[in-house]
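Asks: Provided herewith is a single structure, encoded as structure tokens, for subsequent inquiry.
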């Protein structure tokens, strides 16, 4: 690993650390070409004026047309992409960008359960011997298992069958937030990056449980 890669790796490991970003910008200034020096200036300006930039700057992946996102403090921080594309290329993106939020789109990895009045089961991921959902996509075990234990949801056995486990969420917003956190954590683990602190939604409820 050369110096440039090592400095970028430091940003990937600690995406909230502005110092790592500024050190990277200094290296680009000292050792890079004219394009690198322009990039260094962009990083410094965006770090300095991060609060003024608010929601960040729009971004589109240079080769993957279905991947868009948001740049914050000089680097891509959020990405939007179809669930299937995340499962295929997500880990690769995390090797280049300090991503902290993933917005999955297209075929949802959950379905609406209208058979119950229980609010914590309205939006759920269903698992078991056949994890393929109608209109949804098949999730690997490495993605499904963390969802069943996510603190924003409720883990329960479907129909009393302990072999068919589901995780319910009280709203689609909580379901997608849980999916984002699991997507970020999985991609970071595949790249030997430490986990990020979990997000706690203000309406998330009392925490994890099995019912």
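The values are calculated or read from the model by the stated rules, or taken from the named source; none is laboratory data. Note that the structure is predicted; figures quoted are calculated from it, not measured. Note that each Cβ is placed from the backbone with ideal geometry, even for glycine, and that neighbours are counted across all protein chains shown.
Asks: Could you please let me know if residue 18 is surrounded by fewer than 19 Cβ atoms within 10 Å (Cβ to Cβ), touching a residue at least 40 places away in the same chain (Cβ under 8 Å) and under 22 Å from residue 180 (Cα atoms)?
Replies: No: the conditions fail for residue 18.
Asks: Of all residues in the range 52-67, which are part of a strand (DSSP E or B) and either crowded, with 17+ Cβ neighbours inside 10 Å or in contact (Cβ under 8 Å) with a residue 40 or more places away in the chain (or both)?
Replies: Result: 59, single match.
Asks: Sticking with this structure for a sec: Restricting to the range 7-35, count the residues that are within 23 Å of the chain's Cα centre (by Cα) and outside any helix (DSSP H, G or I).
Replies: Result for the range 7-35: 4.
Asks: Say whether the condition of being touching a strand residue (DSSP E or B) at 6+ places or on another chain (Cβ under 7 Å) and surrounded by fewer than 17 Cβ atoms within 10 Å (Cβ to Cβ) is met by at least one residue in the range 41-51.
Replies: Yes: the range 41-51 contains one or more residues that are touching a strand residue (DSSP E or B) at 6+ places or on another chain (Cβ under 7 Å) and surrounded by fewer than 17 Cβ atoms within 10 Å (Cβ to Cβ).
Asks: Which ones in the range 72-92 are in contact (Cβ under 8 Å) with a residue 12 or more places away in the chain and out of contact with any helix residue (DSSP H, G or I) (no Cβ under 7 Å at 6 or more places or on another chain)?
Replies: Once the filter is applied, which keeps residues that are in contact (Cβ under 8 Å) with a residue 12 or more places away in the chain and out of contact with any helix residue (DSSP H, G or I) (no Cβ under 7 Å at 6 or more places or on another chain), the range 72-92 yields 76, 77, 78, 80, 81, 82, 83, 84, 85, 87, 89.
Asks: So residue 110 clears everything in (1) modelled with pLDDT under 75; (2) loosely packed, with under 15 Cβ neighbours inside 10 Å except one condition, right? Which one?
Replies: All conditions pass for residue 110, except number (2).
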